[in-house]
1. For a protection proxy built on the mean count of beta-carbon atoms within 10 angstrom, sort 476-482, 614-620, 219-225 highest first, please.
2. In segment 596-635, with Lys and Arg counted as +1 and Asp and Glu as -1 at Cβ, which of these residues, A628, V618, T605, has the Cα nearest the positive end of the dipole, that is, farthest along it?
3. Suppose the chain between R318 and D228 were pulled fully straight at 0.36 nm per residue; how much longer would it get relative to their current alpha carbon spacing?
4. Using the per-residue mean of other Cβ atoms lying within 10 Å as a proxy for protection, in what order, highest first, do the peptides 600-608, 374-382 fall?
5. Under a Cβ-Cβ cut-off of 12 Å, what is the net charge of the residues other than E239 that fall near it, where Lys and Arg count +1 and Asp and Glu count -1?
6. Using 0.36 nm per residue, how much length does the chain from E348 to T253 gain when fully extended, once their Cα-Cα distance is taken away?
7. Which of V378, L486, A409 sits closest to the plus end of the dipole of segment 366-487, meaning its Cα is farthest towards the positive end, when Lys and Arg get +1 and Asp and Glu get -1 on the C-beta?
8. Whole number in Å², please: accessible area per residue of segment 212-337, 1.4 Å probe, ligands, DNA and RNA not counted.
Amino acid sequence: MSSSSTDSRKQTDLRLMQTGLRLVAQATAATTVHLVVIRPESGGPSSNNDDDDITVVHCYPVDAPPPGTEARQRCRLTAERGEPTVSPPDRFNPERPSVMAAPIVGLEPPGSPDTQRVLLVSGAQDRAWSAADITALTDAVELLQATATALEERSGLQAELRSERRRRQLERRVAGLVAATNRQLGTHATAGALAEHGSPVIGASMTSLAVVEGDEVLFFHGPGVDDDIASEWTSAPLETEVPMVQAAATGETVVVADLSGFQQWPAMQPYVAQLGLEAFAAVPITDDELGLRACVGMGFTHPLTDGQLPAEADRLLRLASQTLTRAIRFDTRSDQADTLRQVAIPTELPKPDALDIAATYLAPNRYRPVGGDIFDVVAIPDGRTGIIVADATGHDLVATRAATRARYALGILTQLGWDPAATMGAVNDYLCSTGDANRYVTCALAVIDRDRRGGLLATAGHPLPRILRLTGVRTLGSHGDPLLGLHDHTYRQHRFDLEHGDVLLMFTDGMLDAMGPERDPDDRLADAGLQRLCVAPDGWPPPAETVLASLMETMDDDRDDDVAVVVTTTGAINPGGDTLRLAWRAGTVSLRGTRQRVSSWLADTTHPPTADEVEDLVLVATELLSNADQAAPEGTVVDLQAQRTEDHVEITVANEGAPITVDGSMPDRDQHRGRGLAIVQQVADRLETTHHSGRTRVTASIATR
């Protein structure tokens, strides 16, 4: 409670008591009324003490003089008898006031149970008290008792409310600290959150965390530590003689109860005044099994009575222990996951001729850095290429280890030249023989033979691969073969064809789930963007990395399963690099992207042309392509093929429908159509157009040095 609210409450209590005393004075026609407290040291009515045992707590009027000696004796006598007493007027001493006193029974003030309250009423010197006055006094006592009871009950209720407010405030602060630490994972991030949000929980002016790593201690400071001190104390050797280092290193609590205690820590003294500290405590947090050695440092702007920490400190320390232990375990699992991931996921893929391959692995989320999905690309000595995508049941390190065993078994047999079905059968026999009945593996294994323009595919309870083409999406293989490791089985294999420009997509079910688990697999793929990927403004087939990036954009970041994807594109560039083949859906051509792809291809040919020649060649390619794109009906295909020889480059563009032609002369400036084609006619050494079966082909040949 604030000081202003406390003062207001005291003023209210005083007004209530003054009102009660005023009513007593009115009822008894008294000149003054005193409410006194008698402590147990009282010696009774005959006591000769110095009146230190009697204290006036309230009086009416507020400036009334204190009771005299005889009046105080009357109070002691009344307290001793436990009933009202009257002092009649003294005819021999007319200046002595007449007094009447009554005990207030059952309302002893806090402290000793023998302490009593007495109501003392004084009248005029010649006042003679009657039975009616005593009755009025008794009634007044009951009124004061009720008033005092109400005040004490309200005081107790207010104390309970203050206690409840403090408790709720503590719970809110603890909840804020829990929320802050729950958002963190690693040890460093968790220690930083504890330091940042720990001070309000215990009413400390500052909180810091120390964590032992190797032969040094790392510090994490909260907002109560000045920036210059925080930057100076980021780490320290284990031998540093400051409380936090010693507590973290030795596992023993260090308490500096007051300013004099800092003299034992010379290295800390320069910072005490700057931080405004009068006390400090460093409490260790250890876990021998996990190798955790840490410490919570708490600074206070007031001394610690008897060296005792605030009761709330236990909450902070328990929470710090729980969250740091969790963080250590997470770091340990992450380190294991990183090591295992390096084994499970290839860091570099082979680069087979005429194939462009890109692949990725996505962990389930930041709380689970690994899962059971893996992929691999195998270069077979006879020139074929094997592509493996597998998924072991589960989302933990055990699943990753199971998938890793399967990856190497599948990879070795594939590299030896085994067909997919035979490889699947052998690995299935191996997994069944291990006796691990809780770890099954789904798998898709494709072996691509570029010379035969196709390949072989076998699957084991796995999502079927897709081929993306300008004309749409095609599914390979069929379901029906069980997971690897489930039971004895003879696996089937399917032969598939690869046309020029096909994009082969192999993936785990995590990709499907990330695209929308409320739909069936085929719809998910179509709706999630695979159909959209069949439009490539920069030319088909798109680079494998482009397809992969587009797939990543369609996936939800908040996923529960890991994802493995391998994208393989075929046919854009021939093995020698001197042929370029691209295609578009009519109306989707991007001339800017085409310029970039043609320029890159020319630079990579066996005989790269000069910069001026590249400029002319790119101009010819884009103008022919623009002409064909405008002439082609919607939904048809426009394609471009470029061939590099030692002394020239030939570019052919084909489209459905009739071409846009010119007579060879340059159109007027106000004409937009035909200017580019006229330039092509002037740049090309040979330009010919053929039209057959509704398809137009325009070929330009340009000599090079």
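The values are calculated or read from the model by the stated rules, or taken from the named source; none is laboratory data. Please read all numbers here as calculations on a predicted model, not as lab measurements. Counting neighbours? That spans all protein chains shown, and the Cβs are built from the backbone with ideal geometry, glycine included. To get the accessible areas, we keep the full protein, side chains included, count just its heavy atoms, and leave off ligands, DNA and RNA. Shrake-Rupley method; radii C 1.70, N 1.55, O 1.52, S 1.80 Å.
1. 219-225, 614-620, 476-482
2. T605
3. Numbers: separation 90, 0.36 × 90 = 32.40 nm, distance 2.98 nm.
Residue separation times 0.36 nm, minus the Cα-Cα distance, leaves 29.4 nm.
4. Result, highest mean Cβ count within 10 Å first: 374-382, 600-608.
5. Once all neighbours under 12 Å are counted, the net charge is -3.
6. 29.1 nm
7. Checking the options against the dipole of segment 366-487, the answer is V378.
8. Details: 6270 Å² over 126 residues.
Result: 50 Å² per residue.
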